[in-house]
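Each remark here refers to the structure printed beneath this line.
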Amino acid sequence: MNFAKRLSIDYLHSGYKSGCFTPKDICNEIIKRVEKYSEKNIWITKPNMNIMLKYIDRLGTIDIDKYPLWGIPFAIKDNIDLEQTETTAACKAYAYKPVKSAFVVQKLIDAGAIPVGKTNLDQFATGLVGTRSPYGEVHNSLNDELISGGSSSGSAVAVSLGLCSFALGTDTAGSGRIPAALNCIVGYKPSLGAWSTSGVVPACASLDCVTVFSVNIADAEKVNECARGFDLECSWSRKFGSIIKKLPKKILLAKNNIEFYGDYGEIYNKKWNRAVDRIKNMGIEVEYIDYTMFSKVASILYDGPWIAERWKDIGRFVENNPNKVFHVTEKILRMGAKTEFTASKLFEAIHTLKMYKQQADNILKDAVLIMPTAGGTFTREQVRNNPIETNSKMGLYTNHCNLLDLCAINIPENSNDFSIPFGITVFAEHNSEGIMLEFAEKFLENERMDIAVCGLHKKGFPLEYQLTELGGKYVETVKTSDKYRLYKLNTNPQKPGLIKSKLGNQIEVDIFSVPINKFGWFMQNVASPLCIGDVELNDGRVLKGFIAESICIDNAKDITDKGRFDVSEILK
């Protein structure tokens, strides 16, 4: 049987109820997929039937309609406990076998979910890149050369590749959001204390959150409902009321301090501007604010005494186990042992942060703040060559979140962009998860997709109206990669045919942004010999666009050398 590439909760529950497949079928499929992607270094404890079978067998005794996560497979970051399964935090010398599952894991199991395995991470959850593990660098799900994001690297990649429906991560400085953005999925970080952290290896215990990666917002919300709850065994646990969803009264955007970096910085900048345009058209008041305060808070996390909290929890192990900790990780952990981190410095930082918290509470009242989740990305090689600076760049817009006691969700700017995805993060006060979620859903309802056109649909040409009347907007004129040939087809009217070839050239195309919910209407106008397929651009992006059936070039004129289709001959 051919299963869906991504395993959403609705997809699985529909299949279970219709009898198309069983939870055991899905788990066997997951095991097959895991082998296919073994070189991506996603797992520390791979999915296997020894882990899953007892949870599968239990499903026969409970009702699917009464257990919201019945038969739903999920992965667990390997700094979170699963009973009788080794927890390593990506350090073999640190490993232990817990006698019980973490509070959150047990709640998900109680709701019917199936734990499938433990995922790789930046060791001791120290990093935002996904390369700091002795179990191997986790490859990006969409491009092996790029970083996966960290520290919850394996969890995000597992969801993106359909190796589970959802996965647990942790988030201290952005680890539950950065990997989501880089792998085109949702990353949901609840408010501090809403999910228990008992049974979690601490990074900075006062700031740590357990998070969820999912295919869509609906799945994240369902997991959130099951995972939340007060835990007497967790000193950071807090009681929250029900989440009430409503739109914010105001959207806050930064008027300064947004930096785009790395080889993909220009592309990220364009995608951010596209997201901002959509936000402005949502019918909600938009206010531009000075982002300086948030940047200052972000610097407190690693330049201030909070880094000593990591050393407090892990330092003795590092000292007693020489050469057992990943080199880069140990270097960062030892920064927490600096003698200048005195009690006086700690209280100075606490008082400063308290002032910033009051300012943030005032700014964010009934509002959400929207920022790029990251301003760029890097190849794994670039991170290897410059591990500290590249990691710091990835956290520019995430580090402030937990210090200011905010909730956050990463959502894709374009959930169909599997070439160079870009995510935005929605921030809200800790007691305002409802307005954060409602905004995120509204934003995705208005999602758009890019289409590459090379003929009569180009800007100013006769068929442009077929795009604009559906809300399509011209974005830019660019060129394809040099893997295409262009033909003037023998049709009436004449039109171009773009065909992939080993002996090709860069061809000029116009990019239009079209509402996804209107794309089906547009497709009704596309007839043979033209069709819609993938078009690779010279900057590495892959978009949907017009291509032609190869059979149509038999009586066509090759105009590849011109690099574009000249419509003027038709307009004469």
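Structure values in brief
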item: FRET E, pair N386, E225, Förster distance 41 Å, beta-carbon r, rounded to 0.05; result: 0.50
item: Other-chain or far-sequence residues with amide H under 5 Å of T211's (modelled H); result: G169, T170, D171
item: 10 Å-binned pair-distance histogram of the range 174-244 (Cα, whole percent); result: 20, 49, 28, 2
item: For the range 158-169, 3J(HN,Hα) per residue [Karplus equation, 6.51 cos²θ - 1.76 cosθ + 1.60, θ = phi - 60°, Hz, x = Gly/Pro]; result: 4, 5, 4, 8, x, 8, 5, 7, 9, 9, 8, x
item: Virtual spin-label span in nm between S242 and D263, 7 Å along Cα→Cβ; result: 5.1 nm
item: Solvent accessible area, Å² - V535, 1.4 Å probe, full protein context; result: 0 Å²
item: Within the range 405-424: backbone nitrogen closer than 20 Å to the N281 label point (7 Å, Cα to C-beta); result: 411-417, 422-424
item: DSSP bridge pairs, the chain: antiparallel proportion in percent, nearest 5; result: 75 percent
item: Sequence-distant residues sharing a close amide H with W43 (under 5 Å, placed H); result: N120
item: Calculated FRET efficiency for the pair D290/T339, C-beta based, R₀ 35 Å, to 0.05; result: 0.50
item: Efficiency of FRET between T491 and K249 - r from beta-carbon atoms, R0 60 angstrom, step 0.05; result: 0.65
item: Net charge of neighbours whose Cβ lies under 15 Å from the Cβ of T22, counting Lys and Arg as +1 and Asp and Glu as -1; result: 0
item: With Cα atoms, 0 to 90° folded angle of helix 307-320 axis to the chain main axis; result: 70 degrees
item: Gain in span if fully extended, M1 to K562, counting 0.36 nm per residue against the direct Cα distance; result: 197.3 nm
item: Folded to 0 to 90 degrees: helix 292-303 orientation relative to the chain principal axis, Cα; result: 50 degrees
item: Ellipsoid semi-axes in whole angstrom, largest first, where each is sqrt(5λ) of the Cα gyration tensor of the range 245-356; result: 38, 20, 13
item: HN-Hα J in Hz across the range 322-330 - Karplus 6.51, -1.76, 1.60, θ = phi - 60°, x for Gly and Pro; result: x, 6, 9, 9, 3, 3, 5, 5, 4
item: Amide H contacts under 5 Å for F166, placed H, 5+ residues apart; result: A75
item: Charged-residue dipole, Cβ positions (Lys, Arg, Asp, Glu), the chain about Cα centre, Debye nearest 20; result: 200 debye
item: Spin-label zone in the range 122-154 - amide nitrogen under 19 Å from a point set 7 Å from the Cα of N48 along the C-beta vector; result: 135-136
item: Accessible heavy-atom area order of E221, E438, highest first, probe of 1.4 Å; result: E438, E221
item: In Hz, Karplus ³J(HN,Hα) per residue of the range 370-387 (6.51, -1.76, 1.60; θ = phi - 60°; x = Gly, Pro); result: 10, 9, x, 5, 9, x, x, 8, 9, 6, 5, 5, 4, 5, 4, 6, 8, x
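The values are calculated or read from the model by the stated rules, or taken from the named source; none is laboratory data. What you see is a predicted model, and the numbers here were worked out from it, not measured in a lab. Note: ideal-geometry Cβ built from the backbone for every residue, glycine included; neighbour counts use all protein chains shown. Note: areas computed on protein heavy atoms with side chains; ligands, DNA, RNA excluded. Shrake-Rupley method; radii C 1.70, N 1.55, O 1.52, S 1.80 Å.
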